[in-house]
Amino acid sequence: MSEWDSKIDAARNFISANLPVLPVPSIPEIRLHKAGPQSGLWRLAEQDQEFGSPYWAHYWGGGLVLARYLLDRPDAVVGRRVLDLGAGSGIVGIAAAKAGATEVVAVDVDPYAVAAMALNAAVNDVTILPVLADLTKGEPPAADIVCVGDLFYEAALAEHVTAFLYRCLQQGIEILIGDPWRAHLPRSRLRLLAEYAVPDFGDASGGSRPSGVFAFEGDPPQQSRGG
Ligand SMILES: C[S@@+](CC[C@H](N)C(=O)[O-])C[C@H]1O[C@@H](n2cnc3c(N)ncnc32)[C@H](O)[C@@H]1O
């Protein structure tokens, strides 16, 4: 077993034992393993120096809104191959599978996310293929549609993701984005398709905020000359 495989295996055991399965706010069709006060995620961090932010253990406005959209409008994905980019808990891919996608590949750079999304798919009785990879530096995937839930939270990441999405668009791949209007969202290239009020991680008020589902469209930016 490789180092990554054993890490994913241990993560799966930890998540099963310590993160309860709960219905998702605004998406009662889906249940996810969710971190709570008793989960003790710090124990994972103590064991693993590479343990990053446990995005996969929480709800994000962008993922919630995109999952809600796919369940409300299954035509967006029915009979199509879906890539869930930056999948985290797998919420968007799970919604796509429930809505009738023929194939769902869910990609994340975090091995703990890969463990979580596999467990969450099983809880929801759907099949998705969890993949540990950074696709944003490479060629477009073999997919009909790329779904992106909440991946514009840092400037450098947003830049990589946007460039990758342009390459996908050039290959005729459709792109849907869910996002609570974060700072690095490439707004000028987006067409708003729907808006829902959903909770977001880190919102101490516990309330909901408007979050959008967008089609990513338009021509790629001009390459700068020289330099
Ligand atoms: C804010 S979370 C959103 C997770 C999920 N889409 C949702 O909405 O609940 C962002 C996720 O993107 C992942 N991520 C960050 N950079 C990535 C990259 N280059 N490729 C794939 N996933 C990435 C993180 O590990 C994290 O799980």
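The values are calculated or read from the model by the stated rules, or taken from the named source; none is laboratory data. Not measured: the values here are computed from a predicted model. Don't worry about glycine lacking a Cβ; one is built from the backbone with ideal geometry, like all the others, and counts go over all protein chains shown. SASA here: full protein model, heavy atoms, side chains in, ligands and nucleic acids out. Shrake-Rupley method; radii C 1.70, N 1.55, O 1.52, S 1.80 Å.
Taking the chain on its own, what percent of its Cα-Cα pair distances exceed 23 Å? Percentage above 23 Å: 45. Note on Ala183 and Glu103: with the Förster distance fixed at 41 Å, the Cβ-Cβ geometry gives a FRET efficiency of about 0.80. The DSSP beta bridges internal to segment 1-129 are antiparallel in roughly 40% of cases. Computed extension gain for Gln47 through Ala133, at 0.36 nm per residue and net of the alpha carbon distance, reaches 28.7 nm. The dipole here belongs to the chain: it is taken about the Cα centre, uses +1 on the Cβ of Lys and Arg and -1 on the Cβ of Asp and Glu, and is about 380 debye.
Bridge orientation summary for the chain: considering DSSP beta bridges with both residues in this region, about 45 percent are antiparallel. Compared with the direct C-alpha span, the chain from Arg167 to Glu154 gains 2.7 nm at full extension, assuming 0.36 nm per residue.
Projecting the Cα atoms of Ile177, Ala155, Pro210 onto the charge dipole of segment 127-227 (Cβ charges, centred on the Cα centre) puts Ala155 farthest toward the positive pole. Counting only DSSP beta bridges whose two residues both lie in segment 138-227, roughly 70 percent are antiparallel.
Per residue, the accessible area of the chain comes to 48 Å² when a 1.4 Å probe rolls over the protein heavy atoms.
Computed over segment 47-137, the Cα gyration tensor eigenvalues convert (square root of 5λ each) into semi-axes of 22, 13, 12 Å, ordered from largest to smallest. Relative contact order of the chain, taken over Cα pairs closer than 8 Å and 6 or more residues apart, is 19 percent. With all protein chains in place and a 1.4 Å probe, the accessible surface of segment 3-216 carries 51 percent carbon and sulfur. Centre-to-centre separation between the Cα atoms of segment 74-110 and those of segment 20-70: 17 Å.
Size estimate for segment 61-100 follows the Kirkwood approach: the inverse of mean 1/r over distinct Cα pairs works out to 9.8 Å.
Under 19 Å from the 7 Å Cα→Cβ point of Ser205, by amide nitrogen: which residues of segment 143-187? Taking a point 7 Å out along Cα→Cβ of Ser205, the residues of segment 143-187 whose backbone N falls under 19 Å are 179-183. Given the options Glu217, Glu46, Glu29, state which has the largest fluctuation in a GNM of the chain using a 10 Å cut-off (strictly under) for Cα springs. Most flexible of the set in this elastic network: Glu46.
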